[in-house]
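What follows is a set of notes on a single structure, which appears directly below.
The values are calculated or read from the model by the stated rules, or taken from the named source; none is laboratory data. Predicted model only: the values in this text are computed from it and were never measured. Every residue, glycine as well, gets a Cβ built from its backbone with ideal geometry; the counts of neighbours run over all protein chains shown.
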C-alpha cells in the first residue's frame, strides 16, 4: 500500500509505518547519545504512544534502563486503513527495547477503565513485582465514566467570548477567531476527562494492590503558557482541568507516604492535542522561530531527557506551586518579549517573516510518520505491523 498524508482539520487520518520507525529511531539515537543514568527501575507509562508519553517511555528505557509497561488506546491497520501513528510507534519502540534486552509490554485499552487498571496490576505482579515510576500523559477527547455515561472535553473559555488571532495552516492565513465560553456542564465534563480524578483512581488501585515501591515517583504533564494564550488555555476549560490535576497531585502527596507526585509544566510543542486548540498553532509557529533563533528550541525527546537528567534529582527544584518547570526556556523574558512583538505585528501578508511555518508543518507531519527525508513515500509498504507484546510473542 502506498501511504500519503490525509489531513482533516487538525488531524492526519493516515500514518506511515516506515516514517514511524524513523521517528522512534531518531528519538532513541538522541537519548543514547547522552550519558546514561544508572537508576534502572520498573515504570508504568499511562498514555505511552505519542508525544510526551512516547518520549518519556523512550527516555526511561534508553537513558535509565527501565523496564516499561505502557497503556495506550490505538487502532491497528484494517482493510485499506493504516494503523494509527501511536500503534506503529509502540510496535517499533518495543522492537528496539527488546533488542537491548529491556522489558517492554503494552496494553491497548481504555485508560479510564477499571478493567484496564486490573489488567495492569495483574501484569505488574506477574512480570515486575512492583513499580517505582509512573508517567501519566493522558490526553483524551472523551471518557466513559464508571456508571457508563460518556462525557466529552471542550476547548473553550470559561468566562466570556475570546477574540484573538489564529492560523489556518493549509491556506497560511492569519484570521480572527471568536471562541465562545463553555457552559458550566462543559467545564465540569472537561475536568472529568482531563483533570486529576482518573490519576487518583490509578494511584489508589495500584497502592491498594501493593505494587508500588516505597519511593514511587508520579509525573503528570501540564502546560500554562504566556498571557497571550491564557484565556483559551490557563483560564479556559483545559486550564481548569489542569488545575484540578495539580490539586489531585497535592492530594496524592498528602494521602500516601510512599509516593511523591509531581506536575511537570512542559514546553508548548506540536502534539495531536495542541494542534486542536484555537490560537495555539499561531503562537507555536512564532515561538518556534524565536526559540530556534536563540538556540533554545526543544522537541518532546529533548524535554524528556531534561526531565530525567536535570529535574528528577533527589531534591527536585520546584516552583512556588511545587511544579517542575520544563517550560523554563519558553518562559524566559528574552523569548516572550520577542513573541509578544511578533504577535502584535503578524498578519497574513507578513506571516513567514515572523513564523516558522515549515518547522511546525514538518513536526506535525513527523508525528504521523511523514516528511522524513530518508523515507521513500512513493514505495509500497506493509501497513499491517504487529505489536509483539499484544501478539503474545513475548
Which one of 169, 138, 178, 155 is over 25 Å from residue 249 (Cβ atoms) and within 23 Å of the chain's Cα centre (by Cα)?
169
Top-ranked residue of the stretch 250-301 - restricted to ones that are assigned to a loop (DSSP other than H, G, I, E, B) and touching a strand residue (DSSP E or B) at 6+ places or on another chain (Cβ under 6 Å), ranked as farthest from residue 206 (Cα to Cα):
279
What is the number of the single condition among (1) crowded, with 16+ Cβ neighbours inside 10 Å; (2) touching a residue at least 24 places away in the same chain (Cβ under 8 Å) that residue 328 does not meet?
(2)
Restricting to the stretch 239-266, name every residue that is modelled with pLDDT of 95 or more and within 30 Å of residue 7 (Cα to Cα).
240, 241, 242, 265, 266
Within the stretch 6-24, restricting attention to residues that are in contact with a helix residue (DSSP H, G or I) (Cβ under 7 Å, 6 or more places away or on another chain) and at pLDDT 95 or above, which residue is surrounded by the fewest Cβ atoms within 10 Å (Cβ to Cβ)?
21
Consider residue 232 carefully, then state whether it is under 25 Å from residue 187 (Cα atoms), part of a loop (DSSP other than H, G, I, E, B), in contact (Cβ under 8 Å) with a residue 12 or more places away in the chain and touching a strand residue (DSSP E or B) at 6+ places or on another chain (Cβ under 8 Å).
yes
Going through (1) touching a helix residue (DSSP H, G or I) at 6+ places or on another chain (Cβ under 8 Å); (2) at pLDDT below 95 one by one, residue 137 fails only at (2)
Just one of 315, 322 is at pLDDT below 95, farther than 17 Å from residue 58 by Cα, surrounded by fewer than 18 Cβ atoms within 10 Å (Cβ to Cβ) and touching a helix residue (DSSP H, G or I) at 6+ places or on another chain (Cβ under 8 Å); which is it?
322
